[in-house]
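Undergrad: Mind looking over this structure? Questions follow.
The values are calculated or read from the model by the stated rules, or taken from the named source; none is laboratory data. The shown structure was predicted, so the numbers you read here are calculated from the model rather than taken from an experiment. As a convention, Cβ positions derive from the backbone with ideal geometry for all residues, glycine included, and neighbour counts pool all protein chains shown. SASA here: full protein model, heavy atoms, side chains in, ligands and nucleic acids out. Shrake-Rupley method; radii C 1.70, N 1.55, O 1.52, S 1.80 Å.
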Amino acid sequence: MIVDKAIYRDGVRHTIRGDISDAFGDARARGGCFLWIGLHEPSQEEFDLITSEVKLHPLAVEDAIHAHQRPKLERYGDTLFVVLKTLLYVEDGSDIEVGEINLFVGADFVISVRHGQANPLTRVRRRIEADADLMAIGPAGVLYAICDQVVDTYSEISHEIEHDLIVLERRIFSGEQADVTEDIYSLKREVLEFRAAQDPLIPVLEEMVKGRVELCVAARDQFRDVLDHLLRVDAAVDEHNELLTNALNAHLALVGREQSAAAMQQNADMRKISSWAALIAVPTMIAGVYGMNFDHMPELHWLLGYPLSLVVMVIAVIIVYRLLRRSGWL
């Protein structure tokens, strides 16, 4: 739907109440103005109302309606088509929701098409309307202000991810033995999604800063400032990604150490159990021999046969115990 539509002439906003075509035609006749129409997830029918007045390339219109484009800058005649990825940080699940802003920028018009809930452009409009210098730059000033807000949001989300990283590192080294592998992978996936949104925007801004985009030459200094902020965000995202990889390796190492310690303890327990079983087996064997009830057995009718067998059992158990003790099994 059309969120807002206005014509800016001599630094003053003129809201369009009726037909866009008539209002824009009248403004063009007077000169010194530009049109800004803001749409949010428009249908084809709603967009047809715009393209009937402002000639836009059909392929760019299709991209703007269906979204899911990577950040880019394309030229269609005298019109720029700029795609920006917007990000929204959801604190409850530490998730990043990705949206999109598609911009058609001409000499006297800006058409902004927003998808998703991130980065509403109301604040940008207020900034433009309150800043005479940006207003004087025209459509390039609007493009700069939108890029600036998107990159500022990137910076805020980068700080949120840094905070999540600190919390995650504390959990890893807290000694609680909690399995945070899934949390690490989840945050790493969000960081990679973050990188996919901001990384392709760097060459887009570099084109503007180098003066290769004629419509944006008047705002080169402003775009240079945005590029500087974006490069800092890019460096921070790289650090976050590397820290997550190191955190995962450290976590797996700690888990492996704990599992090795548990296995060693289990082996020690098994050796002790086996040793006590061996001690019990010696007298059991002797008692079993004399419990077979044969008539002709040596020492069967001896007067000292019973105490002698007990003494032999005790001595045999002592010998086995000392041997197991010396070998470290007990």
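Undergrad: Here are some residues: 241, 246. Which one is open to solvent by 40 Å² or more (accessible area, probe 1.4 Å) and farther than 17 Å from residue 151 by Cα?
TA: 246
Undergrad: For the structure I just gave you, tell me whether residue 87 is at pLDDT 85 or above, over 19 Å from residue 215 (Cβ atoms) and of a type in the set (A, V, I, L, M, F, W, C).
TA: Taking the combined requirement at face value, the residue satisfies it.
Undergrad: While we're here: Being at pLDDT 70 or above and surrounded by 11 or more Cβ atoms within 10 Å (Cβ to Cβ) is the filter here, so list the residues in the range 287-305 that pass it.
TA: Scanning the range 287-305 gives a single hit, 287.
Undergrad: State yes or no: is residue 83 assigned to a strand (DSSP E or B), in contact with an Asp or Glu (Cβ under 8 Å, 6 or more places away or on another chain) and under 19 Å from residue 39 (Cβ atoms)?
TA: Judged against the criteria, residue 83 is a match.
Undergrad: In the range 90-105, what count of residues is obtained for those that are buried (at least 20 other Cβ atoms within 10 Å of the Cβ) and in contact with a helix residue (DSSP H, G or I) (Cβ under 8 Å, 6 or more places away or on another chain)?
TA: 6
Undergrad: Out of the residues in the range 146-205 that are out of contact with any helix residue (DSSP H, G or I) (no Cβ under 6 Å at 6 or more places or on another chain) and among the hydroxyl-bearing types (Ser, Thr, Tyr), state the one that is farthest from residue 120 (Cα to Cα).
TA: The selected residue is 174.
Undergrad: Now for a different question. For the range 118-230, which helices (runs of 4 or more DSSP H) that fit wholly inside it have 1 or more residues that are under 29 Å from residue 253 (Cα atoms) and open to solvent by 60 Å² or more (accessible area, probe 1.4 Å)?
TA: Passing ranges, in order: 139-172, 181-198.
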